[in-house]
Structures are given as structure tokens and as C-alpha cells.
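To keep things clear, I will list the structure first and then write my remarks on it.
Laboratory data are not the source of any read-out in this text; all were calculated from the coordinates shown. Note that the structure is predicted; figures quoted are calculated from it, not measured. Positions of Cβ are backbone-derived with ideal geometry, glycine not excepted, and every protein chain shown enters the neighbour counts.
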Amino acid sequence: MNEVTELNDLNREDEAREDLKHEADRDYPKPFEGTLDINKVMAERDELDRLLIKMCDLVARTEETNDLLKQAKDSYEKLYEELRSRIMNFEHLLKMIGDKGEYKGCGAEIYWLKSRKGKPMPITIKGINHFADCPKADNFRK
């Protein structure tokens, strides 16, 4: 058992020597050599400062844009809900005052209302005179 322990110790020592050899061969950064141009360093620092200021300005604009987008989205959602409510009210009104039917020319669902002159007028659920959006309107014109 002593021989096995000695062999393991020798192997560990060999591995440690190899590790040290590889460590010595590594390329480490060289220390600064030469002269330092302070004007160049200051100019680079000034340029970095300008870039940092631009970046901060872009971040602020992005936040401002995000705020504006959120306000626009909120306004859109409010307007959408109001419009949806009006459409539902209009559909309800159509169902109350109009006679539901099917337009014979194209098969569209319509509501018959009376025009100001008392003539029947086909209105779609969108609130549009069906004569304006009927795909076969030309067949019924005089």
C-alpha cells in the first residue's frame, strides 16, 4: 500500500510541475511601456463623456417615448371601449326600430328602416345604407 501512495504522490507532483510550466507559458498583459500622451487621453475621456451624455439623453427620450406610447394606448383602449359601446347601442336600436331581413340581391343581413321620404331603406348592422356597400348594387340601379 505504501508503494501505491508513493506513486500517487509522484503523479500529483508531476501534474503540479506541468501546471506551473503551463502557467509560466501564459501570455500576461505587458506592463505599460513608452510615454503617455496626456492630451490624447484627455481627448478620449472627453469623447467618452460626450457619448455617455448622448446615451443618457437617448435613455431619457426612450422613457419619454414609452410614457407617450402608454398614454396613446390608454386613450386608444378608452376610445375603443366607447366605440364598441356605441356600436352595441346602435345594433340594439336597429333591432328595436328596424325589421330584420335578408337582402335578396346578395343575401346580406340587413334591417329595413324608413327614409325621410317614407321609402324602405336597407341598413347594415354597421349602420351603412346597404346600397353603398352591396357587392351587387349595380344590378338594382335604375
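Here the label points at GLN71 and PHE90, each 7 Å from Cα along the C-beta direction, are separated by 2.9 nm in the simple model. Seen from a random direction on average, the alpha-carbon convex hull of region 36-97 projects onto 4.8 square nanometres. Local charge for ASP99 was computed over the other residues whose Cβ lies under 15 Å away, with Lys and Arg +1 and Asp and Glu -1, and equals +2. Modelled label positions at GLU81 and LEU51, each set 7 Å beyond Cα in the direction of Cβ, lie 4.7 nm from each other. Across every pair of non-identical alpha carbons in region 98-142, the mean reciprocal distance, once inverted, gives a Kirkwood radius of 10.7 Å.
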